[in-house]
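Worksheet: one structure, shown below.
The values are calculated or read from the model by the stated rules, or taken from the named source; none is laboratory data. All values derive from a computational prediction rather than experimental measurement. Methodologically, a virtual Cβ is constructed for each residue, glycine included, from the backbone with ideal geometry; neighbour enumeration extends over all protein chains shown. Note: accessible area is taken over every heavy atom of the protein model, side chains too, but ligands, DNA and RNA are not part of it. Shrake-Rupley method; radii C 1.70, N 1.55, O 1.52, S 1.80 Å.
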Amino acid sequence: MISIDGVTYSYGEGISALDGVDLEIGDSELLAIVGENGAGKTTLVKHLNGLLKPQRGRVIVEGIDTRETTVATLAKKVGLVFQNPDHMLFAETVEKELSFALVNFGLPPEEIAKRVEWALIEFRLSNYRDRSPFTLSGGEKKRVSLASVLCYDPQIIVLDEPTTGQDNLQKTRLASTLAKLNRQGKTVIVVTHDIEFVADFIPRVVVMSKGKVIADGPTEEILVREDVMDASSILPPQLAELSWKIGLSTPSINTEMIVEEIRQILRCDQK
Amino acid sequence: MKVFKAFEYRRGATILHRIDPRSKLVYLILFTSLVVYFTNPIALLIIFLSFLPMVYLGKISARWSQSLRGSLFFIVFIFIFNFAPTAYYSGSLLDAAVSAIAMSLRFLNLISVFSIFFLTTSPEDLTQSMVQLKIPYDYALTFNMAMRFVPTLSREAQYIMDAQRSRGLEMEKGNFISRIRNYVPVLIPLIISSFRRAELVADAMESRAFGASKKRTSLYVLKMGRGDFLFISAALGSALVLFTVNLLL
Amino acid sequence: MLPVMALAIIEVRGLSYTYPESDAPSLIDVNFRAEPGEFVLVTGPSGCGKTTFCRALNGLIPNSYGGDFKGTVMVDGLLTTSTPVYELAQRVGLVFQNPENELFCTTVEREVAFGPENLALPREEIAMRVEEALEIVGITHLKEKSPEELSGGEQQKVAIAALLAMKPKVLVLDEPTANLDPVSAKSVLELMHKLNKNGVTVILVEHRLEMISHLVDRCVVFEGGRVAADGPPREVLYSDKVSELGVGLPKVVQVSKRLSSLIGEPLRFLTPEELATYIRGMSY
Ligand SMILES: Nc1ncnc2c1ncn2[C@@H]1O[C@H](COP(=O)(O)OP(=O)(O)OP(=O)(O)O)[C@@H](O)[C@H]1O
Ligand SMILES: Nc1ncnc2c1ncn2[C@@H]1O[C@H](COP(=O)(O)OP(=O)(O)OP(=O)(O)O)[C@@H](O)[C@H]1O
Ligand SMILES: [Mg+2]
Ligand SMILES: [Mg+2]
């Protein structure tokens, strides 16, 4: 359970990066945060593990006020993976990279070995166990960075732009990993610009603009609302646009539903 | 990392920003020499006071004071390491205090004069003035690049620290040795990404015909104006006054 | 059909390339040709060689990278292997993924002037080219700003203007919108469309096909260092081979394919607009 309550944050004099954000995130939710460049998405997620502390308002994570504890304590509960894997990879081998956080959190060696094994298999990295992470391709590095956080089994998982530069196959695999973790009861938060990814895989979406939350709700309702799309720098998913253009009474972002709707329209007319 | 911020140029429209970099270079050299040459804490204090109008003219007080705050740690360090040995060998606490204060003031002055210079001088103008002083463009550009990427580097260091702290790294934990070891997960990605960045920037520059011609044109040429001569005269004049004051003290 | 002998602006023949410290080739026997004024979309799975291909087009490969290079790359009649990169730079401009590494000056104006300055053009000519480039990209109002103060989309436009000031015939863009929000991305892609209409040949690498496929003349898919498909977007995106490659097909393509098999009539739409028009037409 995360509750963000009237949080403001500004990096210096002048404009605030966050300007009174209220947000409730329940246990084992899967949600996306979208919004224009500079909307404050990264600033917001850095509040979740205490890297940033609210200048006004408060952030409560699992009953703990983030101002009253350390990043290291919160990081155990909230696993935050940043966009660029080059900003975290440093160890000689993939295996050591994966055990970094586990060692930091002081887990016993047997436990560490077990978790690393799990992560190597889950992220299809077993073949790279002894490789240097620097020699991996972009997509592989990304997997290592995800694995190195997910291996310590945080209850809340936050991914900042996990899909940039990823091809379709990698995205689909990422989505199924996230869905699986979510089914196991984890809360998963994804920050992204990839609206089609959100439309396909994520049930709840929070739209931010200029440091504020401007919309929040089920994806299939939010992404088909023209007013929300206009107010933020997101473009509607193709199917939402299609729905509007053919004048569907209930616009949809679901391929099956759209095909069915169109079939109805075409069949009626053939009669 | 905050210390770097204090030298990061921001565009501005003050007189100090408009003065030719070469004139400011004269000022920089003159005052640096004085600071290094002076030993009397009172003279050093007067020099320090002489920076105040400059800071005011250039409207850089926020960043300048940030630079001073950022270097506080070093100043304490310098003070202790000057005070302790002098006190020990000379046996006079007063002497030790005077020399330690002078050393600290010297450091403060150097930070100030460099921060005044870099905060008000755009890297390109500086490069251009170096070229006009007949320094080869390659060297001038290297210098410019180094300046340009300092803030980028410090931002990158911040990203990396955020990422590692999110994986439970506690930088401040442990004794002296393990604290140093704590920096490894930050330094390695920082070094590697700096090399990568250097490579990518080199690609970008080459892709824009860098090195196409030995004699390069520049869109703007720097010209010394009346303001510059006034500025240099004022700098020379005040340096002379300070020099005399120092002799009299 | 285009006449076979038409003068190509880019002609790649039998290109295979291996990076110096690598044991596997990154490009394998690539043949590619672009006519002047074409707009070519390049896509394919991660690691398939798109970036390597871009670097080969402006001569960074092999001139700066070294490595094992076989075959030929001709740009505007110049062989890249025997032409210095700065010479090629006046013909092919390369835009990179991360604008942060492309911009190194303190004002937009100086950034754009950097290329022409290197060419040692007369000062008036430089000033004119800078004005022109800013104008066509639509960022004249940002002239005095520092690139660091700009949004990602604006930064990419500055990078594009900086290349245009060198009057290249070809622009090559390597995932220029990867870090941009959708609206900024769209505006950069629309700018490419406009430049292409002005006669610039454009080669664009992009994963998000839904944003761009309807604007291009041709779509080339790489796979494992080879060209796996090459043709008009309506053919390539609707081919069986491409769906097997795991290229992310736009939703409209997926829906059109489903409808095709339902009504037994081949549909090949690329945008919601096209599909909607068809449906509205059918419902009369
Ligand atoms: N370290 C920093 N110092 C100063 N300002 C910052 C810093 N980080 C972010 N900002 C500013 O705060 C605002 C919000 O930035 P933030 O990175 O949270 O946006 P974002 O929604 O993640 O954007 P993007 O989609 O580009 O990643 C922006 O105006 C940005 O310029
Ligand atoms: N500088 C380099 N040195 C050695 N190998 C490299 C280098 N750059 C790329 N490679 C390798 O060449 C192959 C092709 O890489 P390239 O970067 O061209 O792929 P890409 O299609 O651009 O992928 P992405 O979509 O991830 O950007 C990869 O296997 C990669 O590991
Ligand atoms: Mg962000
Ligand atoms: Mg690439």
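Things to note:
- Adding -39500 (n - 2.57) for every DSSP H run of four residues or longer, then dividing by how many residues the protein assembly as shown holds, sets the calculated 222 nm ellipticity at -15500 deg cm²/dmol.
- Angle between chain C longest axis and helix C:272-282 axis [Cα atoms, degrees, rounded to 10]: 30
- Per residue, chain B exposes an accessible area of 54 Å² to a 1.4 Å probe, with every protein chain left in place.
- Kirkwood-type hydrodynamic radius, region B:31-178: 18.5 Å, calculated from all non-identical alpha-carbon pairs.
- Volume in Å³ per residue [convex hull over Cα atoms, computed for region C:34-109]: 142
- Charge context of C:Lys70, other residues only, Cβ under 12 angstrom, K/R +1, D/E -1: -1
- Long hydrophobic helices in chain A, taken as whole DSSP H segments with a C-alpha length of 15 Å or more on their own axis and mean Kyte-Doolittle hydropathy at least -0.5: A:94-104, A:109-122, A:138-150, A:255-270.
- Remark: C-alpha extents of region A:165-271 on the principal axes read 50, 32, 28 Å, sorted largest to smallest.
- Average beta-carbon neighbours from other chains, 10 Å sphere, peptide A:43-53: 1
- Calculated FRET efficiency for the pair B:Leu57/B:Leu236, C-beta based, R₀ 22 Å, to 0.05: 0.80
- Whole-angstrom gap from region C:145-216 to region B:197-249, using each part's C-alpha centre: 35
- Average partner coverage of A:31-40, which counts Cβ from other chains inside 10 Å: 3
- The long axis of helix C:152-164 is offset from the longest Cα principal axis of chain C by roughly 70 degrees.
- Accessible surface buried upon A-B contact (total; probe 1.4 Å; Å², nearest 100): 1800
- Convex hull per residue volume in Å³, alpha carbons only, for region A:2-236: 122
- Crossing angle, helix C:123-137 versus chain C [Cα axis fit, 0-90 degrees, rounded to tens]: 20
- According to the calculation over all Cα-Cα pairs in chain B, the P(r) per 5 Å bin from zero is 1, 5, 10, 13, 14, 14, 13, 11, 9, 6, 3, 1, 0 %.
- Within chain B, the whole DSSP H helices whose Cα atoms reach 20 Å or more along their own axis and whose mean Kyte-Doolittle score is at least -0.5 are B:21-37, B:41-57, B:72-90, B:93-120, B:137-166, B:184-206, B:226-248.
- More than 15 angstrom apart: percent of Cα pairs within region A:132-172: 45
- Inter-probe distance in nm under a simple model that places probes 7 Å from Cα toward Cβ, at B:Ile191 and B:Leu249: 4.3
- Cβ-Cβ distance of B:Val221 and C:Glu35, R₀ of 45 Å, FRET efficiency by 1/(1 + (r/R0)^6): the value works out to about 0.60.
- Percent antiparallel among DSSP beta bridges (both partners in region A:2-236, rounded to 5): 50
- Cross-linked pairs C:Lys70/C:Lys197; C:Lys143/C:Lys194; C:Lys157/C:Lys241: Cα-Cα separations exceed 28 Å for C:Lys70/C:Lys197; C:Lys157/C:Lys241.
- When Rg and the Kirkwood Rh are both derived from Cα coordinates, the Rg/Rh ratio for chain C amounts to 0.99.
- Here r is the Cβ-Cβ distance between A:Leu266 and C:Leu7 and R0 is 60 Å; the resulting FRET efficiency, rounded to 0.05, is 0.80.
- Across every direction, the projection of the convex hull enclosing the Cα atoms of region C:101-166 has a mean area of 3.8 nm².
- Each peptide in B:121-134, B:84-97, A:169-182 was scored by the mean count of other Cβ atoms within 10 Å over its residues; highest first, the order is B:121-134, A:169-182, B:84-97.
- Local charge for A:Val71 was computed over the other residues whose Cβ lies under 13 Å away, with Lys and Arg +1 and Asp and Glu -1, and equals +4.
- Centroid-to-centroid, using Cα positions, region C:237-284 and region B:22-56 are 74 Å apart.
- Over 20 Å apart at the Cα level, from the set A:Lys76/A:Lys114; A:Lys96/A:Lys141; A:Lys142/A:Lys210; A:Lys41/A:Lys210, are A:Lys142/A:Lys210.
- Note on region B:130-207: Cα Rg divided by 2.2 N^0.38 Å, N the number of residues, gives 1.48.
- Here the translational diffusion coefficient of the protein assembly as shown follows from Stokes-Einstein with Rh set to the Kirkwood radius across Cα pairs; for 20 °C and 1.002 mPa s it amounts to 73 µm²/s.
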